[in-house]
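Q: Below: one structure in structure tokens.
Computed from the coordinates by the stated procedures, all read-outs in this text should not be read as laboratory data. Only a predicted model underlies this, so the values are computations on that prediction, with no experimental measurement involved. Cβ placement follows ideal geometry from the backbone for every residue including glycine, while neighbour counts extend to all protein chains displayed.
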Amino acid sequence: MDGRGVPLSIIVTGANEHDVTQIEAVLESIVVKRKAPPLRRNNHLCADAGYRGKKAMTVILTHGYIAHVVDRSKEAEEQRRDPEKKARRWVVEVCHSWFNRFRKLLVRYEKLERSFLALNHLAAAIIAYRKVPLCVNIIYG
């Protein structure tokens, strides 16, 4: 996801596979290729404490990201110290919430992986389209 919660890549796996094992596939399948950021702004990747392992950190660093891996208790402690500081994890949580609003995706009824992946891509396209600022109302012109 980018900084506004728009999904950049989707990987479908079985429920018995952990997210950390798929981090390389997720980072390689990012659809939107960005140009290199200026020197003062780098590529940042926020993740939860499950990504603290050596293998996950090497994958993150080899793809050119600066890892921000903080567990919830430390993030809550930092929030108490500095209430003005904005949490980084809300972006992932809000994107998951947007996907859960597509009720067809909430419970997986599709037998084929390609059908489920296509529905996820459709939902991601709708989410991205809703984030595009428009100067004209589509319904009323």
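Q: Ordered by residue, what ³J(HN,Hα) values in Hz, to whole numbers, does region 51-59 give under the Karplus form 6.51 cos²θ - 1.76 cosθ + 1.60, where θ = phi - 60° and Gly and Pro are x?
A: Those phi angles translate into 9, 7, x, 5, 5, 5, 5, 5, 5 Hz.
Q: Whole-Hz Karplus ³J(HN,Hα) for region 90-105, in order, using 6.51 cos²θ - 1.76 cosθ + 1.60 and θ = phi - 60°, x for Gly and Pro?
A: So the J values, rounded to whole Hz, are 4, 4, 5, 5, 6, 5, 4, 5, 5, 5, 5, 6, 7, 5, 5, 8.
Q: What is the gain in length, in nm to one decimal, between Asp82 and Asp48 on full extension, counting 0.36 nm per residue of separation less the C-alpha to C-alpha distance?
A: Details: separation 34, 0.36 × 34 = 12.24 nm, distance 2.01 nm.
That pair, Asp82 and Asp48, stretches by 10.2 nm at full extension.
Q: Considering amide H positions built from the backbone, and no H for Pro or chain starts, which residues 5 or more places from Asp2, or on another chain, come under 5 Å of its amide H?
A: It is Leu8, by chain and number.
Q: Rounded to the nearest 0.05, what FRET efficiency is calculated for Glu110 and Ser73 with R0 set to 35 Å and r the Cβ-Cβ distance? Could the numbers behind the result be given before it?
A: Numbers: r = 37 Å, r/R0 = 1.06.
Step by step, r from the Cβ atoms, then E = 0.40.
Q: Let me ask something additional. Leu117 to Thr58: FRET efficiency via 1/(1 + (r/R0)^6), r the Cβ-Cβ distance, R0 22 Å, to the nearest 0.05?
A: Details: r = 27 Å, r/R0 = 1.25.
The calculated FRET efficiency here is 0.20.
Q: On to the next question. Describe numerically, in nm with one decimal, the distance between label points set 7 Å from Cα along Cα→Cβ at Val132 and at Ile66.
A: Going by the 7 Å Cα→Cβ label model, 3.1 nm.
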